[in-house]
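*Asks:* Before we start, here is the structure in question, set down as structure tokens.
The values are calculated or read from the model by the stated rules, or taken from the named source; none is laboratory data. The shown structure was predicted, so the numbers you read here are calculated from the model rather than taken from an experiment. A quick note on method: Cβ atoms are made from the backbone with ideal geometry, for glycine too, and the neighbour counts reach across all protein chains shown. To get the accessible areas, we keep the full protein, side chains included, count just its heavy atoms, and leave off ligands, DNA and RNA. Shrake-Rupley method; radii C 1.70, N 1.55, O 1.52, S 1.80 Å.
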Amino acid sequence: KKPEGLLLLGSYRENEVEDDGCLMNHIRMLSQSLSVSFISTAGLSKSQINDMLSAKLYIPKRLTSSLADVVHKKTCGNPMFVKEFLKSIITNRMLQFSVKSRRWVWDEDTLDLISITDGVAELLSVKLRILPSSLLQVLKIVAALGSQVDVRTFKILDQDQLGFQLHWAHSLSIAVQEGLMEKAGSVYSFTHDSLRSAVYNLIPPVEQKLLHKKIGTSMMKKVGVLDPANVLIAADQMNLCHNYVTLSPHERINIARLQLLAGKHSMSTSSFEAARLYFESGVSLLGNDDWHSNYSLTLELYEMSALVEFINGNENSDSILQKRLESIFRFARRFEDAFNANILQIKLLGSRGNYSNAIRKCLDVLSQLGESFPEQIDWTLAESCVAELKNITATLTKDHICQYPKMTDQSKLTAMKFMNLITLYAVAHKPMLMPIVSNRMLKLSLQFGFCDDSLLGLSMAGYSIVNFGSDISTGYRVSKLAEALIELNPVRQALKTRLVTIWYGHSKPYVEPIQSAREIFVDLYNQCMLVGDVENAMYSWLFYCNLGFHIGSNLDNVEKAHSILIEKTRKFKHHTMLSAMSSFRACKILLCPGVYENDTEIADIKTFEEIRTIAHDSNNEHLLWHVDLDEMQVRFWFREYIPIAKLSEKYRNSKSKRSFELLRKFYDGISSFSFARDTGEEFWAQIGEECVTFWTTIVSLSNWNFENNLLLLQAESSYTKGDFADAETLYEASILSARRHKFLHEEALACELFGIYYCDRGMAEKGWDKLQLALQKYSEWGALGKAASLEKFMSWVNPEHFKKLKMME
């Protein structure tokens, strides 16, 4: 028998989980489609303590109520402290069994006077003070190390450095027997965090710092053989003391090296905030003289500190990042030493929307590396490079590329890195650079050998062939080849994150089922965040949101996903991403009745004209295209065809296939056929037929994604030509195709246009049935604003309304 469901339980500490971390993001995504419940485990209430006391002491609850009040007051309901408190008052005969009364008795006033200055922690510390000194010393070492310790850490401690002998194995065993510690494998931990605090507070403040230094120094002696966990422990110990104790220059540099190593370990586990603190601590130990006496260490610490500040995007990150970069550019001994700083500066410019300067900086560095590019690029040059790309890639196969040697020329490897970086911004600001740069990357790879960036260049070549060569099938094949090669690469996860825009977000959805293409972006987002690639992480989430709209996902869930994206772009200061969230505006307008007339009130999203002004001022053609498409799709869903025609006019003769260009042609085609019927002008019919021809080619690439759209265009074409029988067949076929391929919103659209067709031809009852079905589908989609608009239209074509008019006549 198949199981009917699955219950998944998980637990986490609220104070150890970030609200925008991977765990909470996954939980939020699961809650969009599954039932997710949260159970918060708090301390025992007075009532629960009273129930327990009544049951254990065999006394009615009304008599144990006063005792329960005292117990709760002294323990705050913590189960462990309740147990310890009761054991204490029984040991001290404050709670005892009376033979005379034949029940347990106590004196509330006496219990209330128990001298517990710091609450339960002090209560536990009384017990700690009577422990053997050797045991207490081990507990103090554990408390200084944290709430738990692995046996391996004790083994590497230099007892001569500590100044005393540790009989740790015997002491820890006794601590477990006394209930002070718990053992899980090789790890010992305090039974509660407050117990650790009580032990730690037994150490005088001055001695605490000295103890941390002794532990850290002891571990640093064996830093070469330390595992990552103990490197972090050693670094933490030194961080707790280096600001309070005197350090020699030699100690200061050794601690800085330790902080660098700890920060790298944290980066490798995606603990970027912890890494930031380690690098910051390391930098604080250095002075300007160290740029001369400890150049390599200082350069690397400054680079890593700048990198993690860029990744984290905290409130003061920009200023700290700029200071780090300025120091690197000032003290770098060689041009090559500033490469990483240049990369970070370029990324910072790009993330703030300054694409022009980001590209210029890339080109400047490339020029110094011997790879110059023309300042003026026209369509002829771009087409020439695309033709070369098609020739170069025509015979390339996976086996062929695998036989090429690896690129070893350091100058060329660095140039490949900067050429790959330039694509992030060229897509948006200078698209005709794409075929020129990808052409150069492939030629260098064929001449000097392949590297990781060569595979990204190959995918970029596929993108260029699609956009500038009008050859989607060839471009898809080339990009698919790059993806296959990346799957063979040991660092494939990191490489995949750099394909977000040029492959996963563009060429891939042309051919593969768009629903499956969308789900990839969830994994890509998490992978990007794990490797610290914030920029591509933001793009991954943006594509996830936008494709959610275009495949007809429930608009309420799409809106929630967009809200998460807005929070993330604010946190990481990717301001231009807010302007690029095109489908968010359409989603909101369709979702919320009445918003269409007051769209300036939508969150922090600017109006269409405001975004156009930004695009014009920054010369950002990519942003201008998206705001135009944004407005087109909003107008389209509300059947406002005149603005679509005006917006679409400037793109009809464009040679480039921009992302979502097929949507523009769909909107333009439906609008043009409507104009052709209304005006009788052949001009509009011709535009519509051109769109049908385009979509016929598109459908040959993916029947699943595009068949229903082509059928709807053909239905409108037949209607315009007066071939009504054929039109009705095609309308029905479009509805069935959209339903079969799970495009709910486009099924609603086909029903609506079919209904309008019937109404225009005087078949009001048939039209009403189709419009009712469209209304139902729009409501299922969550497009309540669109549904309200359609209902208003339906009030004019209601068959009962026409019957009344006829009766009045």
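*Asks:* Quote the relative contact order of the chain in percent (integer), defining contacts as alpha-carbon pairs under 8 Å separated by 6+ residues. Walk me through the intermediate numbers first.
*Replies:* Working: 971 pairs, mean separation 49.7, N = 809.
It comes to 6 percent, rounded to a whole number.
*Asks:* So which lysines can Lys83 reach, going by Cα to Cα under 21 Å and dropping same-chain residues fewer than 8 places off?
*Replies:* Straight-distance partners of Lys83: Lys46, Lys56, Lys61, Lys73, Lys74, Lys127, Lys183.
*Asks:* Per DSSP helix of 4 or more residues, -39500 (n - 2.57); summed, then divided by the residues of the chain. What does that give at 222 nm, rounded to the nearest 500? It would help to have the intermediate numbers written out before the result.
*Replies:* Details: 44 runs with 567 residues, N = 809.
Estimated from H runs of four or more residues: -22000 deg cm²/dmol.
*Asks:* Counting only heavy atoms of the protein chains, get the accessible area per residue of the range 207-252 (1.4 Å probe) and round it to a whole Å² value. Working shown, then result.
*Replies:* Working: 2290 Å² over 46 residues.
Per-residue value: 50 Å².
*Asks:* Could you list which residues have their amide H under 5 Å from that of Trp104, counting only those 5 or more apart in sequence or on another chain, with H placed in the peptide plane?
*Replies:* Hits under the 5 Å cutoff: Ser98.
*Asks:* Now a separate question. Using θ = phi - 60° and the Karplus relation 6.51 cos²θ - 1.76 cosθ + 1.60, list the HN-Hα couplings for the range 770-778 in order, rounded to whole Hz, with x at every Gly or Pro.
*Replies:* 5, 5, 4, 5, 4, 4, 4, 5, 4
*Asks:* What three numbers, in Å, describe the spread of the alpha carbons of the chain along their principal axes, ordered from the longest?
*Replies:* On the principal axes, the chain reaches 105, 78, 52 Å in Cα extent.
*Asks:* Where does the Debye-calculated log10 I(q)/I(0) of the range 346-468 sit at q = 0.13, 0.16, 0.18 Å⁻¹, using only Cα point scatterers of equal weight, no solvent?
*Replies:* For the range 346-468, the Cα-only Debye profile gives -0.49, -0.74, -0.93.
*Asks:* Continuing with this model, one more query. What order do you get for 245-258, 62-75 when each peptide is scored by the mean count of other beta carbon atoms within 10 Å, highest first? Walk me through the numbers before you get to the answer.
*Replies:* Details: 245-258: 16.1, 62-75: 18.4.
Output ranking for 245-258, 62-75: 62-75, 245-258.
*Asks:* Which order do the peptides 508-519, 369-380, 534-545 take when ranked by the mean count of other beta-carbon atoms within 10 Å per residue, highest first? Numbers along the way, then the final one.
*Replies:* Numbers: 508-519: 18.2, 369-380: 11.8, 534-545: 24.3.
Result, highest mean Cβ count within 10 Å first: 534-545, 508-519, 369-380.
*Asks:* Something else about it: Using only alpha carbon pairs under 8 Å that are at least six residues apart, calculate the relative contact order of the range 598-739 and give it in whole percent. Don't skip to the end; give the middle numbers.
*Replies:* Numbers: 128 pairs, mean separation 20.2, N = 142.
Worked out over the range 598-739, it gives 14 percent.
*Asks:* Could I ask something else about it? Among the listed pairs Lys398/Lys480; Lys406/Lys430; Lys361/Lys496, which are separated by more than 21 Å between their Cα atoms? Write out the running numbers ahead of the final one.
*Replies:* Working: Lys398/Lys480 10 Å; Lys406/Lys430 30 Å; Lys361/Lys496 25 Å.
Over 21 Å Cα-Cα: Lys406/Lys430; Lys361/Lys496.
*Asks:* Angle, helix 379-394 long axis vs. longest principal axis of the chain, Cα atoms, 0 to 90°, nearest 10?
*Replies:* 70 degrees
*Asks:* Next up: If one takes the longest principal axis of the Cα atoms in the chain, at what angle in degrees, from 0 to 90 and to the nearest 10, does the Cα axis of helix 534-550 lie?
*Replies:* Tilt relative to the chain: about 50 degrees.
*Asks:* What does the charge add up to near Arg635, with Lys and Arg as +1, Asp and Glu as -1, over the other residues with Cβ less than 11 Å from its Cβ?
*Replies:* On the way: positive: Arg639, Lys646; negative: Asp628, Asp630, Glu631, Glu640.
Result for the local shell: -2.
*Asks:* On average, how much area does the Cα convex hull of the range 400-558 cover when viewed from any direction, in nm²?
*Replies:* Working: hull surface 37.9 nm².
Over every viewing direction, the Cα hull of the range 400-558 projects on average to 9.5 nm².
*Asks:* Still on this model: Could you go through the range 745-750 in sequence order and give the Karplus-derived ³J(HN,Hα) for each residue, using 6.51 cos²θ - 1.76 cosθ + 1.60 with θ = phi - 60°, rounded to whole Hz, and x for Gly and Pro?
*Replies:* Those phi angles translate into 5, 7, 5, 4, 4, 4 Hz.
*Asks:* Using alpha carbons only, how many degrees (0 to 90, rounded to 10) separate the axis of helix 61-75 from the longest principal axis of the chain?
*Replies:* 90 degrees
*Asks:* Follow-up question, since we're still on this one. Explain nothing, just compute: Karplus ³J(HN,Hα) = 6.51 cos²θ - 1.76 cosθ + 1.60, θ = phi - 60°, for every residue of the range 443-457 in order, whole Hz, x for Gly and Pro.
*Replies:* Residue by residue, the range 443-457 yields 5, 5, 5, 5, 8, 10, x, 8, 9, 4, 5, 5, 5, 5, x Hz.
*Asks:* Could you work out Rg/(2.2 N^0.38 Å) for the range 602-708, with Rg from alpha carbons only?
*Replies:* Values: Rg = 14.8 Å, N = 107, 2.2 N^0.38 = 13.0 Å.
The range 602-708 yields a ratio of 1.14.
*Asks:* Shifting gears a bit: Amide H neighbours of Gly353 under 5 Å, counting only residues 5+ apart in sequence or on other chains, H built in-plane at 1.01 Å?
*Replies:* Amide H to amide H, under 5 Å and 5 or more residues apart or across chains, Gly353 pairs with Thr576.
*Asks:* Under the rule of at least 5 residues apart or a separate chain, name every residue whose amide H is placed under 5 Å from the amide H of Leu131.
*Replies:* Answer set, sorted by chain and number: none.
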